[in-house]
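> Dropping the structure in here first, questions after.
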Amino acid sequence: MRRVCAEQETNERLDRWLVEGYWYMADFVRGHTRHPNFPRPEPPAYYEAAIERLHDLQNWFVTGRSPYLASYTWPDL
């Protein structure tokens, strides 16, 4: 998703299916992982960071502007 955001950053028009996909993933994952029966083998901070990253990617993809400086190093999740 991050690679596609970078590639589409200067694109004035986005395919609807891509925008819908980004929107869906950011919203679906948040709701799905909050379900009480969702298995959570990782610490809670992992899921919080992953959801935040999806939101940031959604924002970047839709606006065409990364919420981070170019020098930002994306941490592994």
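> Look at segment 32-77 and say how many of its residues are surrounded by fewer than 11 Cβ atoms within 10 Å (Cβ to Cβ), at pLDDT 90 or above and small (Gly, Ala, Ser).
Here the count works out to 1.
To keep it simple, each residue is scored yes or no on (1) free of Cβ contacts under 8 Å to residues at least 40 places away in the same chain; (2) of a type outside the set (Gly, Ala, Ser).
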| site | (1), (2) |
| --- | --- |
| Leu18 | no, yes |
| Tyr22 | no, yes |
| Asp27 | yes, yes |
| His32 | yes, yes |
| Ala49 | yes, no |
| Arg53 | yes, yes |
| Leu57 | no, yes |
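The values are calculated or read from the model by the stated rules, or taken from the named source; none is laboratory data. Quick caveat: nothing in here was measured; it's all calculated off a predicted structure. Note: ideal-geometry Cβ built from the backbone for every residue, glycine included; neighbour counts use all protein chains shown.
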